[in-house]
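The values are calculated or read from the model by the stated rules, or taken from the named source; none is laboratory data. This structure is a prediction, so every number in the text was calculated from the model and none was measured. In this analysis, Cβ positions are derived from the backbone assuming ideal geometry, glycine residues included, and neighbour counts consider all displayed protein chains. We work out accessible area using only protein heavy atoms, side chains counted, and drop any ligands, DNA or RNA first. Shrake-Rupley method; radii C 1.70, N 1.55, O 1.52, S 1.80 Å.
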Amino acid sequence: MREYKLVVLGSGGVGKSALTVQFVQSMFIERYDPTIEDSYKKQIEIDNQICVLEILDTAGTEQFAAMKDLYMKNGQGFILMFSITEQSTIKELAELREQIIKVKGSDTVPMVLVGNKCDLEKDRMVTRKQGLALSQTWGHTAFYETSARHRIHVDEVFYDLVRQINRQSPTRRRSKKKKRCSIQ
């Protein structure tokens, strides 16, 4: 069974915890309670492979910025999240992405861009076109608009990230070699 370390990053209030809890526990958290750091585990099956996802839900505030380098060093895949109802939250992601690339020493890090709260269309401040454009400038990074409240594209985000990790570092099948006896 393969384990995956996924990290959810973004500004405070964009719905990182709501998305993570919806994925892991199939429930929506109604009230906002700022996170310092929460870790969740979930066993799933993706492409006929049993996987254990360890999901780190991070703080969206700057006071915990020192912890980010550690998250980035240990994470295998990253969900970079903004709220479609707040323009400033998408602008802050470029710096996070650059920090991940710097810490990982590679610009081909498994990553998904997520515009959350797509159920709040009437309050939209970030267009889908803006999200797609950002994903294109990041080298065709996967992009999803999600709703943690209505469970829209929640599973797809996590499954996509695991598949990216698998493409980058596929599991090697251990071949069982038969021991041969030599007769002399």
| By how many nm would the segment from Gln25 to Arg151 grow when fully extended, if each residue of separation counts as 0.36 nm and the alpha-carbon distance is taken off? | 44.2 nm
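By how many nm would the segment from Gln99 to Asp69 lengthen if fully extended, with 0.36 nm per residue of separation less the alpha-carbon distance? Display every interim value, and only then the final one.
Working: separation 30, 0.36 × 30 = 10.80 nm, distance 0.79 nm.
Answer, rounded to one decimal: 10.0 nm.
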| message | Keeping all protein chains in place and using 1.4 angstrom, which order do Asp160, Asp69, Asp155, Asp107 fall into by accessible surface area, from largest down? | response | Asp107, Asp69, Asp155, Asp160
| query | What length, rounded to one decimal in nm, is gained on full extension from Ile50 through to Asp123, with 0.36 nm per residue of separation minus their alpha-carbon distance? | reply | 22.4 nm
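Using a Förster distance of 25 Å, how high is the FRET efficiency between Gln87 and Arg2, based on the Cβ-Cβ distance and rounded to 0.05? Intermediate results must be reported in sequence, preceding the final value.
Numbers: r = 38 Å, r/R0 = 1.52.
After rounding to 0.05, the efficiency reads 0.05.
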| Measuring from label point to label point, each 7 Å out along Cα→Cβ, what is the Ser106 to Asp38 span in nm? | 3.0 nm
